[in-house]
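The values are calculated or read from the model by the stated rules, or taken from the named source; none is laboratory data. Since the model is a prediction, treat every value here as computed from it, not as a measurement. Glycine gets a Cβ as well: all are built from the backbone with ideal geometry, and neighbour counts include every protein chain shown.
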């Protein structure tokens, strides 16, 4: 099996990609039933503000077996991608924090798996042709605690679904347009 040709990395040879070139965006639908008829709005937020370190962990499920000839084979069964944001500071104007506090206060935990997550590789692509992106639907964003000493912190775990579509985004902000690959 041959690998498909990847899109090139848009950095100079030997230049390291900065962490800020790997962008995670959460998206959800918000219902405003105070209007008649009720209106649904798509909301997005770039995750990571005030989080000093966050990595997308693939959490691979692997099995290895050594046969009678002493040859070891490894099988990758699946991945369960997860990304932690700790701290996730509760700040004014943070729509996601407001939503998550509300969901947890109502114990509406079934609502926590209705997110779309985007992984944007800003180090692959450009403003003209778009930046490489992967869209995962039916993801979960789960608060793991709330509290803190000086600031109110609500660490979150983002669980990616692997129900994905590859494509591009036209810009590196939360009002991007996602275009799926053909």
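If you check every pair at least six apart or on different chains, which have Cβ atoms under 9 Å apart with a residue in the range 74-87 that is more than 17 Å from residue 159 (Cβ to Cβ) first and a residue that is part of a loop (DSSP other than H, G, I, E, B) second?
87/50; 87/51; 87/52; 87/148; 87/151; 87/154; 87/155
Would you mind stating whether residue 117 is farther than 27 Å from residue 77 by Cβ and either part of a strand (DSSP E or B) or touching a residue at least 40 places away in the same chain (Cβ under 8 Å) (or both)? If you could, list the steps in order and put the result at the bottom.
On the way: farther than 27 Å from residue 77 by Cβ: no; either part of a strand (DSSP E or B) or touching a residue at least 40 places away in the same chain (Cβ under 8 Å) (or both): yes.
Considered against the rule, which asks whether it is farther than 27 Å from residue 77 by Cβ and either part of a strand (DSSP E or B) or touching a residue at least 40 places away in the same chain (Cβ under 8 Å) (or both), residue 117 comes out as no.
Give the number of residues within the range 1-44 that are in a strand (DSSP E or B) and either under 22 Å from the mean Cα position of the chain (by Cα) or closer than 22 Å to residue 136 by Cα (or both).
The first filter runs over the range 1-44 and keeps only residues in a strand (DSSP E or B), leaving 22-32, 39-44.
Pick out the ones that are also either under 22 Å from the mean Cα position of the chain (by Cα) or closer than 22 Å to residue 136 by Cα (or both) and you get 22-31, 40-44.
Matching residues across the range 1-44 total 15.
Would it be correct to say that residue 81 is modelled with pLDDT of 95 or more and in contact with a helix residue (DSSP H, G or I) (Cβ under 7 Å, 6 or more places away or on another chain)?
Criteria not met by residue 81.
Tell me whether the range 31-41 contains one or more residues that are modelled with pLDDT of 95 or more and either more than 26 Å from residue 153 (Cα to Cα) or surrounded by 10 or more Cβ atoms within 10 Å (Cβ to Cβ) (or both).
no
If you check 112, 76, which single one turns out to be within 19 Å of the chain's Cα centre (by Cα) and either assigned to a loop (DSSP other than H, G, I, E, B) or farther than 21 Å from residue 53 by Cα (or both)?
On the way: 76 fails: within 19 Å of the chain's Cα centre (by Cα).
The match here is 112.
Filter the range 45-55 for residues that are under 20 Å from residue 90 (Cβ atoms) and either surrounded by 10 or more Cβ atoms within 10 Å (Cβ to Cβ) or under 15 Å from the mean Cα position of the chain (by Cα) (or both) and give the result. Walk me through it before giving the result.
If we filter the range 45-55 for residues that are under 20 Å from residue 90 (Cβ atoms), which is where we start, we get 45-54.
Across the range 45-55, the qualifying residues are 45, 46, 47, 48, 49, 50, 51, 53, 54.
In the range 56-80, how many are surrounded by 10 or more Cβ atoms within 10 Å (Cβ to Cβ) and closer than 21 Å to residue 163 by Cβ? Show your work before the answer.
Of all residues in the range 56-80, those surrounded by 10 or more Cβ atoms within 10 Å (Cβ to Cβ) come to 56-62, 76, 78-80.
If we keep only those that are closer than 21 Å to residue 163 by Cβ too, we end up with 56-61, 76, 78-80.
Adding up the residues that qualify gives 10.
Considering (1) at pLDDT below 95; (2) farther than 17 Å from residue 48 by Cβ, say which one residue 167 fails and leave the rest.
The single condition residue 167 does not satisfy is (1).
Just need a number here: residues in the range 140-166 that are free of Cβ contacts under 8 Å to residues at least 60 places away in the same chain, in a strand (DSSP E or B) and either surrounded by 18 or more Cβ atoms within 10 Å (Cβ to Cβ) or in contact with a helix residue (DSSP H, G or I) (Cβ under 8 Å, 6 or more places away or on another chain) (or both).
3
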